[in-house]
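The values are calculated or read from the model by the stated rules, or taken from the named source; none is laboratory data. Please read these numbers as outputs of a predicted model, since none were measured by experiment. Positions of Cβ are backbone-derived with ideal geometry, glycine not excepted, and every protein chain shown enters the neighbour counts. Note: areas computed on protein heavy atoms with side chains; ligands, DNA, RNA excluded. Shrake-Rupley method; radii C 1.70, N 1.55, O 1.52, S 1.80 Å.
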Amino acid sequence: MFKIRVILFLLIIVCGRARALDEFEGVKCEADIPKSLVGKRYKNERVVVLEERRKDLGLKDLGGIEISDRLFLISWQICGSEYELLLNTKSRLIRDVLPFPAHSAASPQFIGTCQDDGKEIPEAVVAVLNNSGTQRER
């Protein structure tokens with residue numbers, strides 16, 4: 001009977017600990033954040049719960065967009081900087097993480113398609129647009 005109790009106790013500890021892990025486990029502000037995230041499995045949990053649990057990272061969900069039927073781009077603020085996480089929606093694996101430069105109303109973020117010499121580029125583009133000098137006075 002004692003062995004069964006010990007086994008059950010160990011199972012509860014191991015299962016409870018595994019459940020608490022998320023994709024931001026092991027991420028540290030002073031470390032290489034993209035390297036810490038690539039290859040991890042993205043959990044599907046409420047953002048409010050995740051942000052509350054990861055206050056030490058200053059974690060904030062900035063939204064996301066579907067790139068294709070199997071790719072989703074998620075923007076996160078981590079440790080005061082913005083990162084773009086490319087997620088495979090079938091496997092839920094984080095395929096790539098890119099630090100993203102600051103953007104504003106004057107230099108907005110752009111996610112979409114572009115043309116090159118009048119031909120549509122099939123890939124999605126993620127960029128910060130530089131609008132300086134493009135506005136005309138009226």
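One residue alone among Val128, Val48 is open to solvent by 40 Å² or more (accessible area, probe 1.4 Å), of a type in the set (Val, Ile, Thr) and in contact with a Phe, Trp or Tyr (Cβ under 8 Å, 6 or more places away or on another chain), and that residue is Val128. Looking across the range 115-125, the residues that are assigned to a loop (DSSP other than H, G, I, E, B) and either more than 17 Å from Ile74 (Cβ to Cβ) or open to solvent by 60 Å² or more (accessible area, probe 1.4 Å) (or both) come down to Asp117, Gly118, Ile121, Pro122, Glu123. Within the range 65-77, the set of residues being surrounded by 13 or more Cβ atoms within 10 Å (Cβ to Cβ) and out of contact with any Phe, Trp or Tyr (no Cβ under 6 Å at 6 or more places or on another chain) comprises Ile65, Ile67, Leu71, Phe72, Leu73, Ile74, Ser75, Gln77.
If the condition is being among the small types (Gly, Ala, Ser), in contact (Cβ under 8 Å) with a residue 12 or more places away in the chain and farther than 19 Å from Leu86 by Cα, then the range 96-117 contributes Ala106, Ser107. With respect to the conditions (1) open to solvent by 50 Å² or more (accessible area, probe 1.4 Å); (2) touching an Asp or Glu at 6+ places or on another chain (Cβ under 8 Å); (3) outside any loop (DSSP other than H, G, I, E, B), Phe110 falls short on a single one, namely (2).
Here the range 90-107 is the region considered, the condition is being within 21 Å of the chain's Cα centre (by Cα) and of a type in the set (S, T, N, Q), and the residue that is least open to solvent (accessible area, probe 1.4 Å) is Ser91.
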